[in-house]
Amino acid sequence: MRHLTACLALACSIAVLPGQAMPDALITDVTLVDVETGALTTGQSVLIEGTTIAAIGPDLAAPDGTPLLDGRGGFLIPGLWDSHVHIFSTPTEPDTALPLYLLSGVTGIRDMGALWPIAEQQALQTRIETGAVAGPRLVLSGAWVDASPGSWPGMFLADTPDAARAVVARIAAEGWAAVKAYSMLDEATYLALAGASRDAGLPLVGHVPERVALGTALAAGQAGIEHFGRVTMACSTAEDRMLEDLRSVMASGGTRDAVFSVMAARNRIILDSWDESLCRRVLADMARAGMHVSPTLVVAGFYVGDRPAADSPRVRMLPPAVRAAWAGPDFRLEAMTDEVRALAAQSIALDHRTFLLAQRAGVPILASTDASFANPWLFHGFSLLDELDLYVEIGLTPREALYTAIVAPPRFFALKDQDGSIAPGRRADLVLLDTNPLEGLAPLRRPQAVIIGGRVLDRQALDEMEARLLDQGE
């Protein structure tokens with residue numbers, strides 16, 4: 001694994017050099033979009049000083065020489081967040097991932113698990129914050145904890161409560177933003193992990209382990225769940241039976257195939273035993289607890305063969321080695337049984353129905369994708385826009401979908417300078433669109449400008465960035 005001793009290859013071409021002050025800017029004559037309330041404020045100018053919004057008003061003046069961005073007729077929104085990504089699965093992945101996020105107006109990401117050492121992740125995080133590398137704001141929440149032998153390389157491992165407490169002490173000392181529970185922890189170890197995380201002042205996020213009930217995770221104070229399937233499973237009257245089946249197989253030393261067989265059988269059980277009344281009670285409990293969900297609904301497309309055309313820009317921007325790997329066999333697809341394939345459409349539809357109930361019940365949603373070079377056909381940047389479109393297709397309004405990517409994430413991450421609003425004192429992470437996104441999300445596909453930490457990338461700069469990525473993909 002190489003170390004970060006220079007600018008990332010692509011990001012260098014649009015980066016501010018270390019130590020160089022960020023340029024101030026004045027965005028003129030725009031309509032401000034309040035995603036929380038749906039209010040529009042027309043004819044406004046926004047003065048940016050350094051990385052911060054300094055002033056907003058209809059008749060702002062700026063010092064001579066301040067760069068101007070003519071926003072006439074445009075709509076200004078806070079930048080988007082993807083709350084579940086993996087940008088560190090290869091040594092050079094950020095070279096492609098960071099500009100892809102900016103092209104889609106994604107100015108913040110939460111990384112949820114990496115193959116880079118934490119010190120190297122933090123080094124890149126610092127270079128983004130100082131402007132040495134152009135990229136979205138980076139929250140490092142990938143301290144994933146699993147039972148031995150671990151599901152992915154580089155995980156923290158804990159097989160006992162004492163080991164869980166020791167792992168949390170390491171995670172806190174290394175400076176992670178959260179503790180991430182993973183799938184194969186047993187209940188006693190998971191509960192110790194939750195208690196130690198609480199004592200360390202770190203939120204517990206991640207998977208609800210496969211042998212742990214969602215209600216147990218609620219009682220333990222888990223702050224966020226990654227992926228949506230366990231929410232739908234908790235709406236089944238047979239949740240306890242499904243959990244006990246897996247506990248029994250694992251307690252008896254069942255093989256990996258035996259474990260996967262029990263888990264695969266859950267799809268049919270959930271379809272047959274999902275109960276709307278129970279579901280509404282579960283979702284009300286989640287809403288009261290403030291348990292956030294990162295649904296990553298677009299992941300399902302991978303399992304049902306949803307693939308973009310080979311000549312589409314999103315595919316052509318990938319490095320050739322990544323395209324080749326994605327076109328080959330995948331262990332996750334090979335593990336699918338015939339029954340899982342046959343039930344896929346029904347299972348996805350039930351997840352969507354449950355998702356809409358969850359959003360209507362007030363369960364906080366964090367727009368998310370699981371985008372990574374390690375996850376075929378999930379694209380940095382592009383897939384976040386696909387996820388938002390899917391929310392609207394399921395039944396959310398454009399404003400409700402935008403809320404999950406603009407307002408909910410920075411508040412959940414407790415960022416002091418961001419809360420999903422455009423106001424003086426807030427960080428200048430913004431996106432300029434040519435039409436009103438509250439009427440439809442199409443303008444997100446081609447922003448007129450993206451502002452990251454006060455640095456303005458106009459349409460010309462974004463076009464040049466796209467051209468470089470296409471050249472790299474040749």
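Here is how the numbers come out for the structure above:
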{"quantity": "Count - residues of region 286-306 that are open to solvent by 20 Å² or more (accessible area, probe 1.4 Å) and of a type outside the set (Ser, Thr, Tyr)", "calculated": "11"}
{"quantity": "Selection within region 157-169 - open to solvent by less than 20 Å² (accessible area, probe 1.4 Å) and under 18 Å from PRO117 (Cβ atoms)", "calculated": "VAL167"}
{"quantity": "Filter result for LEU384 (open to solvent by less than 20 Å² (accessible area, probe 1.4 Å), closer than 26 Å to ILE48 by Cβ and touching a strand residue (DSSP E or B) at 6+ places or on another chain (Cβ under 8 Å))", "calculated": "yes"}
{"quantity": "In region 310-322, the residues that are modelled with pLDDT of 95 or more, surrounded by fewer than 16 Cβ atoms within 10 Å (Cβ to Cβ) and under 14 Å from PRO376 (Cα atoms)", "calculated": "PRO320, ALA321"}
{"quantity": "Unmet criterion (only one of (1) surrounded by fewer than 23 Cβ atoms within 10 Å (Cβ to Cβ); (2) at pLDDT 95 or above; (3) part of a helix (DSSP H, G or I)) for ALA258", "calculated": "(2)"}
{"quantity": "Scope region 434-455; condition part of a loop (DSSP other than H, G, I, E, B), open to solvent by less than 40 Å² (accessible area, probe 1.4 Å) and touching a Gly at 6+ places or on another chain (Cβ under 8 Å); matching residues", "calculated": "PRO447, GLY453, GLY454"}
{"quantity": "Residue check for ARG341: open to solvent by 30 Å² or more (accessible area, probe 1.4 Å), assigned to a helix (DSSP H, G or I) and either closer than 30 Å to ALA55 by Cβ or in contact with a Cys (Cβ under 7 Å, 6 or more places away or on another chain) (or both)", "calculated": "no"}
{"quantity": "Region 227-260, subset among the small types (Gly, Ala, Ser) and within 28 Å of VAL85 (Cα to Cα), residue nearest to the chain's Cα centre (by Cα)", "calculated": "GLY229"}
{"quantity": "Some residue of region 55-76 being at pLDDT 95 or above, among the hydroxyl-bearing types (Ser, Thr, Tyr), in a loop (DSSP other than H, G, I, E, B) and open to solvent by 20 Å² or more (accessible area, probe 1.4 Å)", "calculated": "no"}
{"quantity": "Hits in region 129-151 (condition: open to solvent by 60 Å² or more (accessible area, probe 1.4 Å) and in contact (Cβ under 8 Å) with a residue 60 or more places away in the chain)", "calculated": "GLU129, THR130"}
{"quantity": "Those residues of region 320-338 which are touching a residue at least 12 places away in the same chain (Cβ under 8 Å) and in a helix (DSSP H, G or I), in sequence order", "calculated": "PRO320, VAL322, ARG323, ALA325, TRP326, ARG332, LEU333"}
{"quantity": "Members of region 347-380 that are without any contact (Cβ under 8 Å) to a residue 24 or more places away in the chain and within 24 Å of ALA264 (Cα to Cα)", "calculated": "ALA349, ARG353"}
{"quantity": "Lone qualifier among LEU283, LEU333 - being among the aliphatic types (A, V, I, L, M) and surrounded by fewer than 19 Cβ atoms within 10 Å (Cβ to Cβ)", "calculated": "LEU333"}
{"quantity": "Check on VAL299, assigned to a strand (DSSP E or B), in contact (Cβ under 8 Å) with a residue 40 or more places away in the chain, on the phi < 0 side of the Ramachandran plot and of a type outside the set (Ser, Thr, Tyr)", "calculated": "no"}
{"quantity": "Which numbered condition ASP24 fails, given (1) more than 18 Å from THR130 (Cβ to Cβ); (2) modelled with pLDDT under 95", "calculated": "(1)"}
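The values are calculated or read from the model by the stated rules, or taken from the named source; none is laboratory data. Fair warning: this is a prediction, and the values are worked out from it, not measured in the lab. With ideal geometry, Cβ positions are generated from the backbone for all residues, glycine too; neighbour counts draw on all protein chains shown. What goes into the accessible areas is simple: the full protein's heavy atoms, side chains included, and nothing from ligands, DNA or RNA. Shrake-Rupley method; radii C 1.70, N 1.55, O 1.52, S 1.80 Å.
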